[in-house]
Amino acid sequence: MRIQWESAVCTKCLYSIRPLRQRNPSHGLPLLLPLVRSEDLLNQYVSLCDGFLFCGGEDITPLLFGEEPQNGNGKTDITVDLFQIRLMKRVLASRKPVLAICRGMQILNVSCGGTIWQDLSLIPQPTLNHTQQSASRGDVSHRIKIERCSKLKQFVGSCIYVNSFHHQSVKTPGRNVCVSARSPDGVIEAIELSGHPFALGVQWHPECMYRTSPEMRSLFHEFIAHSLINSKDSGHTISWNIIYKG
Ligand code: MN
């Protein structure tokens, strides 16, 4: 089946995807990954799937990155946070591909020991409005500049326009986390793990732009292509871990 990115990523469920190797590598089969606590089940998720997509959602409980809650921090669910962080750590250890979107990017950073601005208003310098009010979520909102040596640049180029639906951002990058893009106000818009084959975090929502943006299609294509490289049984296993709309 062909993945419909918009519906796949904007779900209220947690799931993963098991794409199939076909002529077009953007084909795949979504798989749901229910919230579990068992170590054994988490490990089975990781071994079953070849790639993981962490989607957007609510805010991460600040205590999990060593901070007390500050004004501007939004809704949290520590049960979901802990599940996603535990799963992310296992996925990263497996070196399987990860594409982390919005909250997913923050889960990626916190899993590596990084911190989050609980609200963009807490950043000392003025910032752009990162919560666009456009008619369509696929509309572009602001520019980002992408680091020259980043993997992201290979996939989408050095300067693109993206949509923006976030009130938080990465504050301190975690271990081996490199900043790969920023908006004109200096807000971190993308990260990646150095030394990892494919672990990218993006603050915007490429799933809302893939129909109109060749760059976003390229990003998803690369994610699946990297996942297929490591698939064990004839390339029939990739999975993505997708949680909340946000
Ligand atoms: Mn933004």
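Only one entry in Gly174, Gly138 is small (Gly, Ala, Ser) and under 30 Å from Leu42 (Cβ atoms), namely Gly174. Is it the case that Asp40 is modelled with pLDDT of 90 or more and in contact with a strand residue (DSSP E or B) (Cβ under 6 Å, 6 or more places away or on another chain)? When the stated conditions are applied, Asp40 does not pass them. If you go through the range 72-108 and keep only what is in a loop (DSSP other than H, G, I, E, B) and either of a type in the set (Lys, Arg) or closer than 21 Å to Ser164 by Cα (or both), you end up with Gly72, Asn73, Gly74, Lys75, Arg95, Lys96, Cys102.
For (1) open to solvent by less than 10 Å² (accessible area, probe 1.4 Å); (2) under 17 Å from Gly174 (Cβ atoms); (3) modelled with pLDDT under 95; (4) not β-branched (Val, Ile, Thr), each residue gets a yes or a no:
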site	(1), (2), (3), (4)
Pro19	yes, no, yes, yes
Arg23	no, no, yes, yes
His27	no, no, yes, yes
Gln44	no, no, yes, yes
Gln70	no, no, no, yes
Thr76	no, no, no, no
Pro97	yes, no, yes, yes
Ile101	yes, no, no, no
Leu122	no, no, no, yes
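Of the residues making up the range 177-208, those that are of a type in the set (Ser, Thr, Tyr) and either within 13 Å of the ligand (Cβ to nearest atom) or in contact with a Ser or Thr (Cβ under 7 Å, 6 or more places away or on another chain) (or both) are Ser180, Ser183. Of the residues making up the range 135-176, those that are in a loop (DSSP other than H, G, I, E, B), within 13 Å of the ligand (Cβ to nearest atom) and of a type in the set (Gly, Ala, Ser) number 2. Under 6 Å by Cβ, and 6 or more places apart or on different chains, what pairs join a residue from the range 100-124 that is closer than 19 Å to Gln70 by Cβ with one that is of a type in the set (Ser, Thr, Tyr)? Every condition considered, the pairs that remain are Gly114/Thr172; Thr115/Thr172; Trp117/Ser169; Leu120/Thr127. The residue list Leu193, Leu200 contains one member that is buried (at least 19 other Cβ atoms within 10 Å of the Cβ), under 27 Å from Gly72 (Cβ atoms) and of a type in the set (A, V, I, L, M, F, W, C), which is Leu200. Just give me the residues in the range 109-120 being more than 16 Å from the chain's Cα centre (by Cα), buried (at least 18 other Cβ atoms within 10 Å of the Cβ) and in a loop (DSSP other than H, G, I, E, B), in sequence order. Answer for the range 109-120, where residues must be more than 16 Å from the chain's Cα centre (by Cα), buried (at least 18 other Cβ atoms within 10 Å of the Cβ) and in a loop (DSSP other than H, G, I, E, B): just Gln118.
The values are calculated or read from the model by the stated rules, or taken from the named source; none is laboratory data. Computed from a predicted model, the values in this text were never measured in an experiment. Positions of Cβ are generated from backbone atoms using ideal geometry, with glycine treated the same way; all protein chains shown enter the neighbour counts. With ligands, DNA and RNA removed, areas are computed over all heavy atoms of the protein, side chains included. Shrake-Rupley method; radii C 1.70, N 1.55, O 1.52, S 1.80 Å.
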